[in-house]
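Asker: Supplied in structure tokens, the structure appears directly below.
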Amino acid sequence: MATSSGQAASLLSILNLCSAGDSFISTPSIYGGTINLFGFTLKKLGIECIFVDQEASEEEIQAAFKPNTKAVFGETLANPALTVFDIEKFAKIAHKNGVPLIVDNTFATPVLCRPIEWGADVVVHSTSKYMDGHALQVGGMIVDAGKFDYANGKFPDFSEPDESYHGTVYTRDYPDCPYIIKARMQLMRDFGCYPAAHSSFLLNLGLETLAVRMKQYCANAMEVAAFLSKSDKIESITYPGLTGDRCHDLARKYLPDGTSGVISFVIRGGRKNAVRFMDRLELASNEVHVADIRTCVLHPASSTHRQLTDEQLVAAGINGGMIRFSVGLENVGDIIADIEKGLNAAE
Ligand SMILES: *Cc1c(COP(=O)(O)O)cnc(C)c1O
């Protein structure tokens, strides 16, 4: 089911399972907007999100379940932490507790990872990123694997008559995909967060080249990451495609064809040198958007997080020298030359 934004997809994916008084489990290694939605806004609607570290043991994750827990949520390749979610581990625990696993697959896209094949029951996407690729539309997607048994007794909204829809019983009347039919008939009807027709047209153009674009983002980013990891101006780099990255083993399992175009790194010398780097770039555009055909770059400390002092940034897990670099489809030699100029401007 296509939605008006990625946020709408994530919101509906939870509301389709949880009502006031219910809870669900999510890792905190997810997109910042989703953290706010889960931790603050859904809480006001009476839905509790229990955050569990994605590196927690099976016992620790199990301990977070309550009788009212209705779902588990994670992000394949987290924006912006670039951690890799262990889909199989979380699917196993979710299913043992009789609830579905929802995976946000925005950064990986179905070209690099197909979460349903690893046990996910629902996949959500922000199509505003790689799927569109050209920054032309904002949109989202919810995919129902059609495998989960919603008649297991935990989900009466699926297995008992829906008064708002002529007494439809979703698991009885739509046994192949009750999840997405209920999302469409109830939530989309009532909330109306559907995509504009013209946005769908633009998204479709992007999807037609997704497979070839993803291959090239990965190839370009791998070269950029290799260049950065050899530079003495760089303190650290996060890119799961690199051997030595702390998520490299998970990346080899879930993302064997590449780990997208997004890299994060910390420049030596902190905020001052990061600003010099940013100011010197010519090819890369300085913007919050990410996962685009054009290389774009963000310095959180002087943009999205600029209200924070250096001490507050550290507390929020953001280094003043940290840069999020979204490698585009330009000639990779040109991209690296641009980065080199930026690094030379750093002291
Ligand atoms: C951008 C993003 C979203 C939100 O998508 P919008 O289309 O901007 O609402 C959700 N998840 C991830 C991983 C994202 O990168």
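Asker: Quick test for you: out of G119, G146, G153, pick the one residue that is over 15 Å from Y170 (Cβ atoms), of a type in the set (G, A, S) and at pLDDT 95 or above.
Answerer: G119
Asker: Restricting to the stretch 26-73, give me the number of residues that are touching a Cys at 6+ places or on another chain (Cβ under 8 Å), more than 16 Å from the ligand (Cβ to nearest atom), touching a residue at least 12 places away in the same chain (Cβ under 8 Å) and not aliphatic (A, V, I, L, M).
Answerer: Result for the stretch 26-73: 1.
Asker: Go over the candidates S10, S23 one by one and state the one that is at pLDDT 95 or above, touching a Lys or Arg at 6+ places or on another chain (Cβ under 7 Å) and within 19 Å of A120 (Cα to Cα).
Answerer: Answer to the check: S23.
Asker: Still on this structure, please answer the following. Hey, does the stretch 187-199 have a residue that's within 30 Å of K89 (Cβ to Cβ) and touching a residue at least 60 places away in the same chain (Cβ under 8 Å)? Break it down into steps so the answer makes sense when it comes.
Answerer: Within the stretch 187-199, the subset within 30 Å of K89 (Cβ to Cβ) is 187.
In the following step, the residues that additionally are touching a residue at least 60 places away in the same chain (Cβ under 8 Å) were identified as 187.
Looking through the stretch 187-199, at least one residue is within 30 Å of K89 (Cβ to Cβ) and touching a residue at least 60 places away in the same chain (Cβ under 8 Å).
Asker: Considering only residues that are of a type in the set (A, V, I, L, M, F, W, C) and more than 16 Å from the ligand (Cβ to nearest atom), look in the stretch 138-177 and name the one that is farthest from K215 (Cα to Cα).
Answerer: V169
Asker: Can we say Y150 is closer than 16 Å to K70 by Cα and assigned to a helix (DSSP H, G or I)?
Answerer: It is false that Y150 is closer than 16 Å to K70 by Cα and assigned to a helix (DSSP H, G or I).
Asker: For the stretch 229-347, please list each of the helices (runs of 4 or more DSSP H) lying entirely inside it that holds at least 3 residues being farther than 30 Å from F90 by Cβ.
Answerer: Counting at least 3 such residues, we get 270-280, 310-315, 332-345.
Residue-by-condition table, conditions (1) at pLDDT 95 or above; (2) more than 18 Å from the chain's Cα centre (by Cα); (3) of a type in the set (A, V, I, L, M); (4) in the same structural domain as P115 (by TED's automatic domain parsing):
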{"position": "L255", "(1), (2), (3), (4)": "yes, no, yes, no"}
{"position": "V262", "(1), (2), (3), (4)": "yes, no, yes, no"}
{"position": "I267", "(1), (2), (3), (4)": "yes, yes, yes, no"}
{"position": "L281", "(1), (2), (3), (4)": "yes, yes, yes, no"}
{"position": "A284", "(1), (2), (3), (4)": "yes, yes, yes, no"}
{"position": "I318", "(1), (2), (3), (4)": "no, yes, yes, no"}
{"position": "L329", "(1), (2), (3), (4)": "yes, yes, yes, no"}
{"position": "A337", "(1), (2), (3), (4)": "yes, yes, yes, no"}
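Asker: Restricting to the stretch 78-137, count the residues that are more than 15 Å from the ligand (Cβ to nearest atom), in a loop (DSSP other than H, G, I, E, B) and touching a helix residue (DSSP H, G or I) at 6+ places or on another chain (Cβ under 7 Å).
Answerer: Here the count works out to 3.
Asker: Could I ask something else about it? Would you be able to say whether some residue in the stretch 49-59 is within 16 Å of the chain's Cα centre (by Cα), surrounded by fewer than 15 Cβ atoms within 10 Å (Cβ to Cβ), assigned by TED's automatic domain parsing to the domain that holds N105 and part of a loop (DSSP other than H, G, I, E, B)?
Answerer: The answer is yes; a qualifying residue exists.
The values are calculated or read from the model by the stated rules, or taken from the named source; none is laboratory data. Because the structure is a prediction, the values reported are computed rather than measured. Cβ coordinates were reconstructed from backbone atoms using ideal geometry, including for glycine residues, and neighbour counts include every protein chain displayed.
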